[in-house]
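First up is the structure itself, then whatever we jot down about it.
The values are calculated or read from the model by the stated rules, or taken from the named source; none is laboratory data. Small disclaimer: the values here were computed from a predicted structure and weren't measured. All Cβ positions, even for glycine, are placed from backbone atoms using ideal geometry, and neighbour counts span all protein chains on display.
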Amino acid sequence: MNNLKQGFVVPVFVVIIALLAIGGGVYVYKNQKVERPVAVDSGIEQLDQNQPKIDAQTPPVVAKENISNWEIYTNKEYGFELKYPKEWIYNNSNVAYNTLLLMDFSSPDYKESSAYLGGDFPQTVIEKGGKFLILVENLSPRLPYTFDQLKKETSETGKIKEIKIGGERALLVDGVGVYLLHPKNGLLWFKLFIRSAPGEIKYYSSIFNQILSTFKFTDSIGTKTNSIKYVQAETGFTGTLSVTTCRGDVISGESSCRDSIGANQSIIITDSDGRSQTFTTNSDGTFKIKLKPGQYTSEASSFSYPYTETTIGFTVSEYGYTEGNLHHTILVP
């Protein structure tokens, strides 16, 4: 009987040990699965847990192939075309002065408002979205009509780089503005630029680059554009005259001086060939003298007293009126 019990206990003991071993193995296996997940080949690269998470508010980057679904805008009068996002809103308006055309393409969520940011007039503040703008300006009253001249005379500030847009030379300014001339009529100055809310500039710069990649000039332009001809710009020198009047001996230092505007003062302007012209300033000291492009010097006389500074030099540009101020000293005995 004891032998029977011993024969029964041993197998049972072995079975219990086996079950414990199997259970322990299953437990370890499950814990390993939790700590080290199995990668599933779904064609999507899995992100490492240590990588930074993408902000849910960050706009997605528009894929390059989506450009094929964009709308095509063609302007037959000014001879160009481009593509823009299908859901964007197109606006067109004419503005005064030398600008002939202003148009923009804005994102559906575009929102702007006016606010005083300093100065006398309110400024436009973009709260949401972005806007792509095209400005076409007639340069005929101002001399520049070659790309090199415009590149030299541009008043744009920031990082400027020469690039190619639609096969034409262009200036890229700070990555958000492009400037180029019309190849059929060099008097048309195209300005393409993007505006967006501060937090979305990277996204809309990407859109801007894609729009630029589709921009191109067409083979012909309208009769209105083709009829624009160069008109010589009026050139000269404009600014304000100020004077310092001194009484006493300036050389010994025993003198008193006072500053004032050069109201109704005579200015003698002499060109590089020695030819002189005399002009009189306005009652507020301002002047606007019509002169040909070149090098000049100024001197003046007031109440028969000589000016001690009689060789102030200045240059008149060929691109319209050159701005600058003159200052002379009057010595009164």
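Selection of the stretch 61-75 for residues being modelled with pLDDT under 90 and either assigned to a loop (DSSP other than H, G, I, E, B) or over 23 Å from Tyr203 (Cα atoms) (or both) yields Val61, Val62, Ala63. Scanning the stretch 88-99 for any residue that is surrounded by 10 or more Cβ atoms within 10 Å (Cβ to Cβ), modelled with pLDDT of 95 or more and either part of a loop (DSSP other than H, G, I, E, B) or not β-branched (Val, Ile, Thr) (or both) turns up at least one such residue. Among residues of the stretch 154-173 that are on the phi > 0 side of the Ramachandran plot, those with a Cβ under 6 angstrom from a residue that is among the hydrophobic types (A, V, I, L, M, F, W, C) and at pLDDT 80 or above, sequence gap 6+ or separate chain, pair up as Gly158/Val173; Gly166/Phe215; Gly166/Phe217. If you go through the stretch 186-206 and keep only what is touching a Lys or Arg at 6+ places or on another chain (Cβ under 9 Å), within 18 Å of Ile134 (Cα to Cα) and assigned to a loop (DSSP other than H, G, I, E, B), you end up with just Leu187. In the list Gly248, Gly262, Gly222, which residue meets the criterion of being in the same structural domain as Ile163 (by TED's automatic domain parsing) and modelled with pLDDT under 90? That would be Gly222, the only listed residue that is in the same structural domain as Ile163 (by TED's automatic domain parsing) and modelled with pLDDT under 90.
Evaluate the following for Ser242: is it of a type in the set (S, T, N, Q) and either under 30 Å from Glu77 (Cα atoms) or without any contact (Cβ under 8 Å) to a residue 24 or more places away in the chain (or both)? Give the derivation first.
Details: of a type in the set (S, T, N, Q): yes; either under 30 Å from Glu77 (Cα atoms) or without any contact (Cβ under 8 Å) to a residue 24 or more places away in the chain (or both): no.
The answer is no for Ser242.
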